[in-house]
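This report concerns only the one structure given below.
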Amino acid sequence: MSSSRPKHPQPAGLLMTICPKCGSSEQAKGCALWGRRRSAWTRESWDKESESEKAAPPRRKLFDYPDLGLREVQRAAAAAPPRARGGGGGAGRGDTYAVAYSLLDGLGGGNLADLDPSTAPLAPRQEEGAVPACLGGRGWPAQALVAEEDGLVRWSFLGRLPGSARSPPRKKPREIKLVDALKDVLDRWTQEEKDGKRPPNPAFWWVDDQSKEVKWSFEELGVLSRKAANMLADPCGLQKGDRVMVVLPKLPEWWLMNVACIRTGIVFIPGTPQLTAKDISYRLQASKAKCIVVSDTLAPAVDSVLSECKSLKTKLLVSDSSRDGWMNFRDLVQLAPADHDCAKTKSEDTMAIYFTSGTTGAPKMVEHSHCCHGIGLITAARRCMDLSPSAIFWNTSDPGWIKTTWSGVFGPWLNGSCVFVHRLPQFEPAIVLNTLARYPITIFCTAPTGFRMLVQQDLASYKFLSLEHCVTGGEPLNAEVLQRWKTHTGVDIYEGYGQTETVAICTNVKGMKIKPGSMGVASPPYDVQIVDDEGKIQPPGVEGDIAIRVKPKRPFCLFSRYLDNPEKTAATERGDFYVTGDRGIKDEEGYFWFVGRSDDLINSAGYRIGPFEVESALIEHPAVVESAVVSSPDPVRGEVVKAFVILSSAFLSHDPEKLKKELQDHVKKVTAPYKYPRKVEFVRELPKTAAGKIRRNVLRNQEWGRV
């Protein structure tokens, strides 16, 4: 076999190519493993490396290199000089290897990849780029799990990335088992802290308006999460696969529960602290949760519905005081041992369940897997939020939403960033601006409504010396707000778009041209298109449904299903696509533009509100005969809930303004307060179809001035 050492390919300066075996990035530097002919490195021979090769120099870690997206990969590969395009068995862009990647070197629970049962568990990462010919690739952009041990890399394809015109080899990929996705991340960053290789930022930094402060290093986070995991197993008696509902305000224990559940294989079900007793009862019954974790505020509500929730066995109270029938979370964690063996979980095992509102019926349960959260969130987080070990990231989302899980747990900690949290029960612009000025926050994320509120303040009186990057999403952001924020802070706002089911679908990232009002471009690994009613892709400039390709290969970071609702799960697919339910347009440069909901769901200040929930609350009031709830434009919140109400005869003579206030207060008591109708209009009749169904689209168009 030839002993020649081909030079490392160097594509046009846009990205750093590496030896796929040792990780060397210097073009002139040779390596023992490159002594083999590249054409001989096929997938078959890859798994049959000799023992002498296993002793080769360790591979340089890819997370030291910049994270570039598919677009950059393709541009660089296309511009690569001839020597970078391989010879003999080489193939085109195949040598531009692993330039956009996701590293999963561990976070704290039970999810590392063991690609080969005969080997020890290996630390996996998702890699995006063109697979080199020496690995049997054909120059097609792909996504794969890659794991390494003692210089030997093992890998398995997850599928073809969007934009690739070529198909991957038809060889059946190995089964990928994830067993420790969280554990090794905490361990890795703990070691980085000890070795002085990580900036001296804490892993977790919590403050409140009373100047209280909690700081945890990654080592402390690891210890506390192991103690919390032991608490869940004993004395709570929970086992792998059991479900726990966590309804907490922004308290440190919410973050501990995230990690502890992953360590134990217990399914995490978050809920907003604005839930009422009725909301809690429905969620406990639907999810069959065996345990609930709440603060003092919601404990009475849980007790009031206890008889309705037969599956609930354990109640944990996060408080410095005690309550009859409840176990104290803080006391139990303090007494628990700090050693814990992580549960073994597979990639398809359920990690979390999120309740999301729909246009009809009660909220639905969205199931996400360990693979989806453990791997699927890292690349989008690094690209969209510009996360790194030196970042201090503040996300203001409610802990009941998936945005907090993505932006407050997996995204930052997988990238070694500090999670900053202000308890902040409600969004107070003055407190937010003071916090940004007082603390060394480098990255800030809030809803467009939050930025609209902030730019109405006297921004000139604040100095944000550390702020480097701002992110938003959940609803469209108008160009005026973006410009005013940039003028006063010098920082752009990068808008993204996603759902509970998908997380990030489209993003604007640093280095991209920002088009005000655009959601950005498709976020890898999603192939995002605009489709018509038959699932056919629409050309640029034509409005249609925003959709994600799910055939022939379903993206691993997409939700698994709507739990206990196969009909709803099936209804989201149209042809080869998952249809989001949103309407949009794609321009010639691949930027997406939001048009509106294709159904009746209301998106107010980032809160998704189903009209049925509000209508159900209204009908419980004796004054209401019938109602219809739609969105209505609002200059601050984008859109708000408006209720059209038909009154009973007994209330027709009541003072209209007092009655509106009474109905609004009633809804706040019956369901979560954020759902109440900020606008109420009394009408004599509602538009209906021949079958008697309310035509909400007529009322919605009336509100938005559409014909």
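The values are calculated or read from the model by the stated rules, or taken from the named source; none is laboratory data. Remember, it's a predicted structure, so these values are computed and weren't measured experimentally. Here the Cβ positions follow ideal geometry from the backbone for every residue, glycine too, while neighbour counts run over all protein chains shown.
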Residues of region 312-340 being farther than 14 Å from Met231 by Cβ and touching a Gly at 6+ places or on another chain (Cβ under 9 Å), in sequence order, are Lys313
If Val595 satisfies every condition in (1) of a type outside the set (Phe, Trp, Tyr); (2) modelled with pLDDT under 95; (3) within 29 Å of Arg283 (Cα to Cα) but one, which is the exception? (3)
Flagged in region 439-473 as assigned to a loop (DSSP other than H, G, I, E, B) and hydrophobic (A, V, I, L, M, F, W, C), in numbering order, are Ile441, Ala447, Val455, Phe464, Leu465, Leu467
How many residues, within region 345-401, are acidic (Asp, Glu) and farther than 25 Å from Tyr674 by Cβ? 3
When region 380-438 is examined, which residues are found to be surrounded by 20 or more Cβ atoms within 10 Å (Cβ to Cβ) and polar (S, T, N, Q)? Asn395, Thr396, Ser397, Thr404, Thr405, Ser407, Asn415, Ser417
Residues (within 22 Å of Ile431 (Cβ to Cβ) and at pLDDT 90 or above) located in region 202-215: Pro202, Phe204, Trp205, Trp206, Val207, Asp208, Lys212, Glu213, Val214, Lys215
In region 334-422, which strands (runs of 3 or more DSSP E) lie fully inside it and hold 3 or more residues that are touching a residue at least 40 places away in the same chain (Cβ under 8 Å) and over 22 Å from Cys557 (Cβ atoms)? 418-422
What pairs come out if I take residues in region 271-287 that are touching a residue at least 40 places away in the same chain (Cβ under 8 Å) and pair them with residues that are β-branched (Val, Ile, Thr) and part of a loop (DSSP other than H, G, I, E, B) whose C-beta lies under 7 Å away, six or more apart or interchain? Pro273/Thr297; Thr276/Thr671; Lys278/Thr671; Asp279/Thr671
Index of the failed condition, Val667 passing every other in (1) of a type in the set (Val, Ile, Thr); (2) in contact (Cβ under 8 Å) with a residue 60 or more places away in the chain; (3) not in a strand (DSSP E or B): (2)
Hits in region 307-333 (condition: polar (S, T, N, Q), in a loop (DSSP other than H, G, I, E, B) and loosely packed, with under 15 Cβ neighbours inside 10 Å): Ser311, Ser321, Ser322
(1) within 30 Å of Pro656 (Cβ to Cβ); (2) buried (at least 17 other Cβ atoms within 10 Å of the Cβ): which one isn't true of Pro622, the others all being true? (2)
Pick from region 603-639 the residues that are aliphatic (A, V, I, L, M) and closer than 23 Å to Leu454 by Cα: which of them is modelled with the lowest pLDDT? Ala605
Please specify each residue of region 444-493 satisfying the condition of being of a type in the set (Lys, Arg) and out of contact with any Gly (no Cβ under 9 Å at 6 or more places or on another chain). Lys463, Arg484, Lys486
Considering only residues that are at pLDDT 95 or above and within 25 Å of the chain's Cα centre (by Cα), look in region 440-465 and name the one that is farthest from Val640 (Cα to Cα). Pro440
So which residues in region 364-409 are of a type in the set (Lys, Arg) and farther than 21 Å from Ile353 by Cβ? Arg382, Arg383
Glu620 is checked against (1) within 23 Å of Thr500 (Cα to Cα); (2) of a type outside the set (Val, Ile, Thr); (3) without any contact (Cβ under 8 Å) to a residue 60 or more places away in the chain and fails just one. What number does that condition carry? (1)
Among (1) among the charged types (D, E, K, R); (2) assigned to a helix (DSSP H, G or I); (3) under 26 Å from Phe427 (Cα atoms), Glu615 falls short only on (3)
Among the listed residues Gly610, Gly584, Gly606, which satisfies the condition of being more than 28 Å from Asn508 (Cβ to Cβ) and surrounded by 19 or more Cβ atoms within 10 Å (Cβ to Cβ)? Gly610
When you scan region 199-253, how many residues do you find that are of a type in the set (Asp, Glu), over 24 Å from the mean Cα position of the chain (by Cα) and not in a helix (DSSP H, G or I)? 4
Selected residue (criterion: surrounded by the fewest Cβ atoms within 10 Å (Cβ to Cβ)) from residues of region 525-553 that are among the aliphatic types (A, V, I, L, M) and modelled with pLDDT of 95 or more: Ile537
Considering every residue within region 588-603, establish whether at least one is among the β-branched types (Val, Ile, Thr), within 19 Å of Gly498 (Cβ to Cβ), in contact with a Lys or Arg (Cβ under 9 Å, 6 or more places away or on another chain) and surrounded by fewer than 18 Cβ atoms within 10 Å (Cβ to Cβ). yes
Would you point out the residue of region 529-566, among those that are among the aliphatic types (A, V, I, L, M) and over 17 Å from the mean Cα position of the chain (by Cα), that is farthest from Ala479 (Cα to Cα)? Leu563
Going through Glu703, Glu639 one at a time, which residue ends up being surrounded by 14 or more Cβ atoms within 10 Å (Cβ to Cβ) and either part of a helix (DSSP H, G or I) or free of Cβ contacts under 8 Å to residues at least 24 places away in the same chain (or both)? Glu703
Scan of region 255-286 for residues that are within 18 Å of Thr297 (Cα to Cα) and touching a Ser or Thr at 6+ places or on another chain (Cβ under 8 Å), ordered by number: Pro270, Pro273, Thr276, Ala277, Lys278, Asp279, Leu284
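The rows are residues; the columns are (1) in contact with a Phe, Trp or Tyr (Cβ under 9 Å, 6 or more places away or on another chain); (2) more than 22 Å from Leu436 (Cβ to Cβ); (3) in a loop (DSSP other than H, G, I, E, B).
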{"site": "Pro476", "(1), (2), (3)": "yes, yes, yes"}
{"site": "Val481", "(1), (2), (3)": "yes, no, no"}
{"site": "Thr487", "(1), (2), (3)": "no, no, no"}
{"site": "Tyr497", "(1), (2), (3)": "yes, yes, no"}
{"site": "Gly511", "(1), (2), (3)": "no, yes, yes"}
{"site": "Ile514", "(1), (2), (3)": "yes, no, yes"}
For region 385-426, give me each residue that is closer than 23 Å to Asp458 by Cα and at pLDDT 90 or above. Trp394, Asn395, Thr396, His422, Leu424
